[in-house]
Amino acid sequence: MAKNLIVGAGFSGAVLANKIVTELNEEVLIIDVKPHVGGNCYDYWDKNGICVHKYGTHIFHTNLKNVWDYVSQFTKWYPYRHHVKGYIDGQEVPIPFNINSIHKIFPKSIADKLEQKLIEKFGFNVKVPILKLRGSGDKDLEFLADYVYDKVFLHYTLKQWGMKPEDLDPAVTGRVPVYISKDDRYFQDTYQGIPMEGYTKLIEKMLAHPKIQVKLNTNFQEIKDKVKYDRIFYTGPIDEFFNYELGELPYRSLEFDFVEFNKPYFQSNSVINYPNNYTFTRIGEYKYFLDNQSDKTVVSFEYPQAFKRGKNDRYYPIVKQENLALYNRYLEKAKQTPNVYFLGRLGDYKYYDMDKAVARALELFESIKK
Ligand code: FAD
Ligand code: UDP
């Protein structure tokens with residue numbers, strides 16, 4: 001009998017498995033319903049030598065030194081710095097919307113005035129969530145806020161979530177605040193990069209240990225009555241674990257349409273957002289991440305969808321009050337379930353980036369180690 005069963009071989013499960021074998025010297029069985037490890041961070045090298053992220057563009061970024069140091073044991077990093085452009089009124093402008101975006105869109109006299117007013121009101125190098133920029137009281141800044149709300153956030157958010165920005169937790173659109181700065185990077189974190197050999201290799205290295213057994217194509221639901229373990233670490237959906245007893249937690253899903261083009265580059269940047277045009281939200285072009293050289297290129301168009309059980313995958317918890325209330329009721333049940341620990345984007349029902357998923361797994365490990 002292995003001591004530990006880990007459900008899910010994404011970042012959360014892999015970190016925990018690695019810590020348990022290296023620090024506790026206990027056996028781990030890690031299962032995943034998918035045919036590969038890596039969860040949503042899974043990537044592969046295609047026939048043109050391009051590293052493709054199967055579930056959408058993934059950029060590792062963090063301010064957490066312990067997370068960066070830990071993950072760096074398993075990879076070297078390509079020092080990629082992420083930029084996103086938004087296609088707005090026929091222009092490709094920096095997203096997060098910043099002072100450079102203002103100057104690309106508005107005539108100089110108006111742009112100068114808006115820049116000056118923004119700095120006077122909020123300061124320089126300051127991030128202002130769109131929902132806060134609205135309601136500043138100043139007529140010109142109201143004009144700017146309405147413009148950015150309408151052209152950057154409203155229609156993108158309607159596509160992505162099926163609701164308006166104000167109907168979600170403010171933290172969701174707050175991930176991409178208006179930035180009173182000329183810094184065009186998407187993230188300002190201290191550490192940022194792409195694993196030189198890809199995310200899958202990184203996760204495989206975490207799992208490469210004689211005490212770790214990996215079983216793919218294995219659904220916990222189908223084996224749960226047959227196996228016995230001292231402890232279960234569950235990175236799948238918490239509502240599924242409890243057979244949806246209290247109701248289903250809502251998620252958003254995506255459909256990725258991958259297209260190969262017979263030319264070196266398709267677009268000017270790794271990611272271009274389309275808030276107002278088309279039904280997709282963004283196009284990712286994969287060769288930019290590791291600067292892969294090829295005469296061909298591959299891109300993915302991202303089409304948001306409602307999550308439907310059995311039809312598509314859960315990609316995003318929908319962060320709003322009523323859903324968190326339901327999650328909290330599941331959390332109460334979880335606390336009364338001995339020797340089962342929940343973590344990860346689905347287990348915690350939290351909009352974790354990779355670094356936060358790693359941090360959570362490291363913290364959970366410290367708490368069970370005692
Ligand atoms: P997951 O990767 O979802 O892993 C959970 C695993 O559990 C899955 O492999 C699943 O198959 C398995 N599982 C579920 N149920 C069962 C079951 N019943 N039996 C067996 N196995 C099961 N983060 C960033 O930091 N930067 C980015 O640029 C970024 N871009 C993203 C883009 C998109 C489109 C998405 C959807 C996410 C992005 N993320 C990004 C977030 C990142 O994907 C997550 O932080 C990370 O995948 C979380 O890892 P996890 O292990 O918690 O969850
Ligand atoms: N967002 C938007 N327009 C954009 C970029 C982001 O409205 O051009 C909003 C949208 O609601 C999105 C959220 O901000 O879901 C968070 O964006 P992020 O890029 O962090 O999303 P992710 O990469 O996690 O899908």
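Read-outs: derived from the displayed coordinates by stated rules, not from any lab. Computed from a predicted structure; not experimentally measured. Reconstructed Cβ throughout: ideal geometry from the backbone, glycine too, with neighbour counts over all protein chains shown.
Observations on the structure shown:
- Kirkwood Rh in Å, taken over the chain so that all alpha-carbon pairs contribute: 22.1 Å
- Size descriptor, Kirkwood hydrodynamic radius, that averages inverse alpha-carbon separations across region 288-353, Å: 15.4 Å
- Tensor-based shape of region 200-281 (alpha-carbon gyration tensor, a/c under 1.5 rounded, otherwise prolate or oblate): oblate
- Potential lengthening between residue 72 and residue 196 on full extension [0.36 nm per residue; Cα-Cα distance subtracted]: 43.6 nm
- Gyration tensor verdict on region 1-53 (Cα atoms; rounded if a/c is under 1.5, prolate if a/b is larger than b/c, oblate otherwise): prolate
- Relative contact order (%) - criterion: Cα under 8 Å, at least six apart; region: region 243-368: 27 percent
- Based on C-alpha pairs under 8 angstrom that are at least 6 apart in sequence, the chain has a relative contact order of 27 percent.
- Our compactness index for region 79-237, the C-alpha radius of gyration over the empirical 2.2 N^0.38 Å, is 1.48.
- Values of log10 I(q)/I(0), in the order q = 0.11, 0.13, 0.17, 0.22 Å⁻¹, for region 242-328 under a Debye, Cα-only, solvent-free model: -0.46, -0.59, -0.80, -1.04
- For the chain, built as a Gaussian network whose Cα springs stay under 10 Å, the top-fluctuating residue of 228, 159, 311: 311
- Under 11 Å, Cβ to Cβ, from residue 330 - net charge with Lys/Arg +1 and Asp/Glu -1: -3
- Enclosed volume per residue, in Å³, of the convex hull spanned by Cα atoms of region 315-370: 78 Å³
- Taking only the Cα atoms of region 163-311, the ratio Rg/Rh comes out at 1.01, with Rh defined as the Kirkwood radius.
- Reduced Cα scattering model of region 263-309, Debye log10 I(q)/I(0), q = 0.16, 0.19 Å⁻¹: -0.50, -0.64
- In region 77-126, inverting the average of 1/r over every pair of distinct C-alpha atoms gives 12.2 Å as the Kirkwood radius.
- Segment residue 110-residue 211, length gained on full extension (0.36 nm per residue, minus Cα span): 29.9 nm
- Restricting attention to the chain, close to 65% of DSSP beta bridges with both partner residues there are antiparallel.
- Within the chain, helix-based [θ] at 222 nm, where runs of 4 or more DSSP H residues each add -39,500 (n - 2.57), nearest 500: -8500 deg cm²/dmol
- Gaussian network model of the chain, springs between alpha carbon atoms under 10 Å - residue of 304, 264, 107 with greatest fluctuation: 107
- Overall form of region 1-145 per C-alpha gyration tensor (a/c, 1.5; a/b vs b/c): prolate
- Angle in degrees between helix 108-122 and the longest Cα principal axis of the chain, rounded to the nearest 10: 50 degrees
- Extreme residue, positive dipole direction of the chain, given options 59, 97, 165 (C-beta unit charges): 59
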